[in-house]
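The values are calculated or read from the model by the stated rules, or taken from the named source; none is laboratory data. For clarity, every value in this text was computed on a predicted model and none was experimentally measured. Note: ideal-geometry Cβ built from the backbone for every residue, glycine included; neighbour counts use all protein chains shown. These accessible areas exclude ligands, DNA and RNA; they are computed on the full protein's heavy atoms, side chains included. Shrake-Rupley method; radii C 1.70, N 1.55, O 1.52, S 1.80 Å.
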Amino acid sequence: MTGDGVVVNGVRHRLDPAAMSRRLSQWLRDDVGERTVKVGCEEGACGACTVLLDDEPVPSCLVHCGLVDGGRVDTAPAFTATGPGSALAQQLVAAGGLQCGFCTPGIAATMTALLRGGSVTPEQVRAALVGHACRCTGYAAIVSAVLAARDDVATGRDDS
Ligand code: FES
Ligand code: FES
């Protein structure tokens, strides 16, 4: 994937030469204006900056823009608009799983990808949360919300 820029939430953005060596996280925040992308450790350890790159969750602080030229990035406003991501967003609110909200977009990216893959178990949810450091919570409400979203998707209660 080279030369076409990056499609962010359905809109194509050109990468100028100076952007090629920048972190995807900073480019998304500063150039594209996607402030829902949060930056914590900048070492790939906290998961706060996770976005969907060609539908796969990646820590955007570890990715240089030059590597995603020609790719597609979805951030929280896009992947929570419909389908499993939307169901998850609604259940995070219902379960009180948002807390301060700083790590929520990153967690939601990872969990949306998990839910899109089909039915998930509590163990799979907890395993996927290992890459996300949340200072607010014991994670129980987040796990409950993901499982409730799973059930919504399975029973057609999501809006996809
Ligand atoms: S800011 Fe990217 S993983 Fe922490
Ligand atoms: S919700 Fe506050 S750090 Fe995770």
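Within segment 45-58, the only residue that satisfies the criterion of being aliphatic (A, V, I, L, M) and open to solvent by 40 Å² or more (accessible area, probe 1.4 Å) is Ala45.
For residues that are within 13 Å of ligand 2 (Cβ to nearest atom), in a loop (DSSP other than H, G, I, E, B) and either within 14 Å of Leu92 (Cβ to Cβ) or at pLDDT 95 or above (or both), tally how many sit in segment 134-160.
From segment 134-160, those within 13 Å of ligand 2 (Cβ to nearest atom) are 134-142, 145; that's our starting set.
Of the ones still in play, those that are also in a loop (DSSP other than H, G, I, E, B) are 134-139.
Add one more test, that the residue is either within 14 Å of Leu92 (Cβ to Cβ) or at pLDDT 95 or above (or both), and what stays is 134, 136-137, 139.
Number of matching residues: 4.
Taking the residues in segment 119-139 that are touching a helix residue (DSSP H, G or I) at 6+ places or on another chain (Cβ under 9 Å) and free of Cβ contacts under 8 Å to residues at least 12 places away in the same chain as candidates, determine which candidate is farthest from Asp54 (Cα to Cα).
So the residue we want is Thr121.
Residue-wise test of (1) among the hydroxyl-bearing types (Ser, Thr, Tyr); (2) within 23 Å of Asp74 (Cα to Cα); (3) touching a strand residue (DSSP E or B) at 6+ places or on another chain (Cβ under 7 Å).
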position: Ala113; (1), (2), (3): no, yes, yes
position: Arg116; (1), (2), (3): no, yes, no
position: Pro122; (1), (2), (3): no, no, no
position: Val130; (1), (2), (3): no, yes, no
position: Cys134; (1), (2), (3): no, yes, no
position: Gly138; (1), (2), (3): no, no, no
position: Val143; (1), (2), (3): no, yes, no
position: Val146; (1), (2), (3): no, yes, no
position: Val153; (1), (2), (3): no, yes, no
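Residues in segment 59-100 that are open to solvent by 30 Å² or more (accessible area, probe 1.4 Å) and under 12 Å from the mean Cα position of the chain (by Cα): Pro59, Pro77, Ala78, Thr80, Ala89.
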